[in-house]
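Peer 1: Below you'll find the structure I mean.
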Amino acid sequence: MEFRLSKEHEMFKRSVREYCEKNVAPRSREIDEKENGIPDDIIKGLADIGVFGCTVPEKYGGCAMPGEETQYAMTAIHELARAELSMSLPVYTLLTIGWGGEFIALYGNEETKKEVLPKLASGEWSWGICATEPGGGSDVAAIKTQAIRKGNKFIVNGEKAYISQVNECQKRGGGHCTLFVSDPTKGVKGGMTMLAVKPNDVKGMTSSVYKDMGRMGLSTGGFRYKDTEVSDKYLLGTEGKGFYACMEGFNVARVVVAAACLGGAEKCIEIAADYAKQRKAFGRSLSKFQGISFDLADLYTQLDLLKLQLARGAWMIDKYYSEPGSFTQKQINPIIAQCKWLAPQLAVEAAKRAIMICGAFGYTKDSPLEMAMRGAMSYVSGAEGAANIMKIIISRDIFGSEFVDK
């Protein structure tokens, strides 16, 4: 594996960082404090430099590098999270390029790709994942919402909960890759189906919004379906095999989630290090005290190791799709699970320790550190898979099925 980025990848990384430092970081507090606070001009600017198109094939208006889509997405989200520590913009983007661009490019039919992908690449539409329900989050197999085929349509009834971008996909346009029970008699092996659902285009679908502790600039809420009709042209993958497609999609999603957490952690460490150089106590800068320098060394070491492991996982996913037979999902799963388990916890820990190093300043809203802690907590608490679920995946795929409670 080549550890250096290609010239093209390095140019992409540099362009995203320069854009974010100039246009995103100065407005991060504005994004956090305003409901639906992600400005349209920032979305357009990110689209113009290729962020929203980095997972969309060129024929659909994107700029994806074939066989490197996940790696480019990882880079983009890492850089965004360094600039916008509340996680609102990184989450909006990672969902749109992960569950939108990359997933639909892989699993959508030609008609769906032509309709959806150009609008995602241009930044016009937002996209997300809609699987969680009031009674089934980490246990995806326990979902109850049904989509029963009737001719060339699916009739949907049920409820989804804790879904990101509920408002955005209605305000800007777009939708979600949504997992339903399509045959209650067959379970996960043949009874679940994924559909692309656009709330603005269907009837009988209503939404609600929750008030979260963080990511204030991005909405989270739920959907209810009552005899909602969705055309079968929006089928994603094979009917009845949606559970398996969804699980593969989660691996890509967990890469960009981990990238967001690591980008945020990296920035928190930098803020704390800069403060320690400038702040003096007892006649010398804080950076001279081992209690401070060792703390930062500890955080940086964890960060560096996770960045390497995440790069490995993203590379494996791209090889899995571009070179069939190169890797199996069983080989990929534990790598991604390790990163999803540890990266959110590192982000929260980095924010906490940075606040402690910065003292009273760190506790104020003049510092962005409290935004980082609130934003990263969404991924510690379970979004895209809770920590214990990641441990189950690792145990199962490394040590065998005997470690799974059947």
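The values are calculated or read from the model by the stated rules, or taken from the named source; none is laboratory data. What you see is a predicted model, and the numbers here were worked out from it, not measured in a lab. Note that we place each Cβ from the backbone using ideal geometry, even for glycine, and neighbour counts take in every protein chain shown.
Peer 1: Might you check whether a residue that is assigned to a strand (DSSP E or B) and either buried (at least 23 other Cβ atoms within 10 Å of the Cβ) or over 21 Å from the mean Cα position of the chain (by Cα) (or both) occurs anywhere in the range 236-256?
Peer 2: We begin by selecting, within the range 236-256, every residue assigned to a strand (DSSP E or B); these are 236, 241.
The next check asks that each one be either buried (at least 23 other Cβ atoms within 10 Å of the Cβ) or over 21 Å from the mean Cα position of the chain (by Cα) (or both); those that pass are 236, 241.
Yes, because at least one residue in the range 236-256 is assigned to a strand (DSSP E or B) and either buried (at least 23 other Cβ atoms within 10 Å of the Cβ) or over 21 Å from the mean Cα position of the chain (by Cα) (or both).
Peer 1: Looking at Glu402, is it among the acidic types (Asp, Glu), surrounded by fewer than 21 Cβ atoms within 10 Å (Cβ to Cβ), free of Cβ contacts under 8 Å to residues at least 60 places away in the same chain and more than 16 Å from Phe250 (Cα to Cα)?
Peer 2: Details: among the acidic types (Asp, Glu): yes; surrounded by fewer than 21 Cβ atoms within 10 Å (Cβ to Cβ): yes; free of Cβ contacts under 8 Å to residues at least 60 places away in the same chain: yes; more than 16 Å from Phe250 (Cα to Cα): yes.
Yes; evaluated as a whole, the condition is true for this residue.
Residues are listed down the side, and each one gets a yes or a no for (1) in contact (Cβ under 8 Å) with a residue 40 or more places away in the chain; (2) under 19 Å from Ala260 (Cα atoms); (3) assigned to a loop (DSSP other than H, G, I, E, B):
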{"residue": "Arg4", "(1), (2), (3)": "no, no, yes"}
{"residue": "Met11", "(1), (2), (3)": "no, no, no"}
{"residue": "Cys54", "(1), (2), (3)": "yes, yes, yes"}
{"residue": "Cys63", "(1), (2), (3)": "yes, no, yes"}
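Peer 1: For the range 269-292, check the following and say yes or no: at least one residue is in a helix (DSSP H, G or I) and under 26 Å from Ala386 (Cα atoms). Reasoning before the result, please.
Peer 2: Of all residues in the range 269-292, those in a helix (DSSP H, G or I) come to 269-278, 286-288, 290-292.
Filter once more, keeping what is under 26 Å from Ala386 (Cα atoms): 269.
Yes, some residue in the range 269-292 is in a helix (DSSP H, G or I) and under 26 Å from Ala386 (Cα atoms).
Peer 1: Something else now. Quick one: is Leu286 farther than 27 Å from Thr178 by Cα, crowded, with 21+ Cβ neighbours inside 10 Å, in contact with a His (Cβ under 7 Å, 6 or more places away or on another chain) and not basic (Lys, Arg)? Break it down stepwise before answering.
Peer 2: Working: farther than 27 Å from Thr178 by Cα: yes; crowded, with 21+ Cβ neighbours inside 10 Å: yes; in contact with a His (Cβ under 7 Å, 6 or more places away or on another chain): no; not basic (Lys, Arg): yes.
Judged against the criteria, Leu286 is not a match.
Peer 1: I'd like to verify a number: residues in the range 186-202 that are at pLDDT 95 or above, outside any helix (DSSP H, G or I) and of a type outside the set (A, V, I, L, M), how many?
Peer 2: The number of residues fulfilling the criteria is 3.
Peer 1: Another question, then. Answer yes if at least one residue in the range 311-332 is under 30 Å from Arg27 (Cα atoms), of a type outside the set (A, V, I, L, M) and modelled with pLDDT of 95 or more, and no otherwise.
Peer 2: Scanning the range 311-332 turns up no residue that is under 30 Å from Arg27 (Cα atoms), of a type outside the set (A, V, I, L, M) and modelled with pLDDT of 95 or more.
Peer 1: Inspect all residues belonging to the range 331-354 and state whether any of them is outside any helix (DSSP H, G or I) and either surrounded by fewer than 17 Cβ atoms within 10 Å (Cβ to Cβ) or out of contact with any Asp or Glu (no Cβ under 7 Å at 6 or more places or on another chain) (or both).
Peer 2: Taking the range 331-354 as the starting set, the residues that turn out to be outside any helix (DSSP H, G or I) are none.
Taking every residue of the range 331-354 in turn, none turns out to be outside any helix (DSSP H, G or I) and either surrounded by fewer than 17 Cβ atoms within 10 Å (Cβ to Cβ) or out of contact with any Asp or Glu (no Cβ under 7 Å at 6 or more places or on another chain) (or both).
Peer 1: While we're looking at this one, here's another question. Would you mind finding the one in Glu68, Glu10, Glu2 that is over 25 Å from Leu218 (Cβ atoms), crowded, with 17+ Cβ neighbours inside 10 Å and among the charged types (D, E, K, R)? Spell out the reasoning first.
Peer 2: Working: Glu10 fails: crowded, with 17+ Cβ neighbours inside 10 Å; Glu2 fails: crowded, with 17+ Cβ neighbours inside 10 Å.
Residue meeting the stated conditions: Glu68.
Peer 1: Additional query: Restricting the search to the range 30-39, which residues are in a helix (DSSP H, G or I), surrounded by fewer than 16 Cβ atoms within 10 Å (Cβ to Cβ) and in contact (Cβ under 8 Å) with a residue 12 or more places away in the chain?
Peer 2: At the first step, the residues of the range 30-39 found to be in a helix (DSSP H, G or I) are 30-33.
If we keep only those that are surrounded by fewer than 16 Cβ atoms within 10 Å (Cβ to Cβ) as well, we get 30, 33.
Matches in the range 30-39: Glu33 only.
Peer 1: Which residue, of Ala47, Ala142, is closer than 26 Å to Ser378 by Cα, in contact with a strand residue (DSSP E or B) (Cβ under 6 Å, 6 or more places away or on another chain) and either surrounded by fewer than 24 Cβ atoms within 10 Å (Cβ to Cβ) or without any contact (Cβ under 8 Å) to a residue 24 or more places away in the chain (or both)?
Peer 2: Values: Ala47 fails: in contact with a strand residue (DSSP E or B) (Cβ under 6 Å, 6 or more places away or on another chain).
That would be Ala142, the only listed residue that is closer than 26 Å to Ser378 by Cα, in contact with a strand residue (DSSP E or B) (Cβ under 6 Å, 6 or more places away or on another chain) and either surrounded by fewer than 24 Cβ atoms within 10 Å (Cβ to Cβ) or without any contact (Cβ under 8 Å) to a residue 24 or more places away in the chain (or both).
Peer 1: Answer yes if at least one residue in the range 88-107 is in a strand (DSSP E or B) and in the same structural domain as Asp40 (by TED's automatic domain parsing), and no otherwise. If you could, list the steps in order and put the result at the bottom.
Peer 2: Filtering the range 88-107 down to residues in a strand (DSSP E or B) leaves none.
Looking through the range 88-107, none of the residues is in a strand (DSSP E or B) and in the same structural domain as Asp40 (by TED's automatic domain parsing).
Peer 1: Which one of Thr206, Thr228, Thr220 is touching a residue at least 12 places away in the same chain (Cβ under 8 Å) and closer than 25 Å to Glu33 by Cβ?
Peer 2: On the way: Thr206 fails: closer than 25 Å to Glu33 by Cβ; Thr228 fails: closer than 25 Å to Glu33 by Cβ.
Every option except Thr220 fails the conditions.
Peer 1: Continuing with the same structure: Considering only residues that are among the charged types (D, E, K, R) and surrounded by fewer than 18 Cβ atoms within 10 Å (Cβ to Cβ), look in the range 157-182 and name the one that is farthest from Thr132 (Cα to Cα). Before you say what the answer is, go through the steps one by one.
Peer 2: Initially, the range 157-182 is screened for residues among the charged types (D, E, K, R), giving 159-160, 168, 171-172.
Adding the requirement that they be surrounded by fewer than 18 Cβ atoms within 10 Å (Cβ to Cβ) leaves 159, 171.
Values: Glu159: 9, Lys171: 22 Å.
Only one residue tops the list, namely Lys171.
Peer 1: Restricting the range 183-230 to residues that are of a type in the set (Val, Ile, Thr) and over 22 Å from Leu117 (Cα atoms), which is surrounded by the fewest Cβ atoms within 10 Å (Cβ to Cβ)? Outline the logic, then answer.
Peer 2: Residues of the range 183-230 of a type in the set (Val, Ile, Thr): 185, 188, 193, 197, 202, 206, 209, 220, 228, 230.
Now restrict to residues that are over 22 Å from Leu117 (Cα atoms): 185, 188, 206, 209, 220, 228.
Values: Thr185: 7, Val188: 18, Thr206: 12, Val209: 14, Thr220: 20, Thr228: 21.
Out of the qualifying residues, it is Thr185.
Peer 1: Here's a follow-up. Can you tell me how many residues in the range 355-389 are in contact with a Pro (Cβ under 9 Å, 6 or more places away or on another chain), free of Cβ contacts under 8 Å to residues at least 60 places away in the same chain and assigned to a helix (DSSP H, G or I)?
Peer 2: Selection size over the range 355-389: 2.
Peer 1: I've got another one for you. For Gly123, which of the numbered conditions (1) within 29 Å of Asn388 (Cα to Cα); (2) in contact (Cβ under 8 Å) with a residue 12 or more places away in the chain; (3) in contact with a Lys or Arg (Cβ under 7 Å, 6 or more places away or on another chain) fails to hold?
Peer 2: The failed condition is (1).
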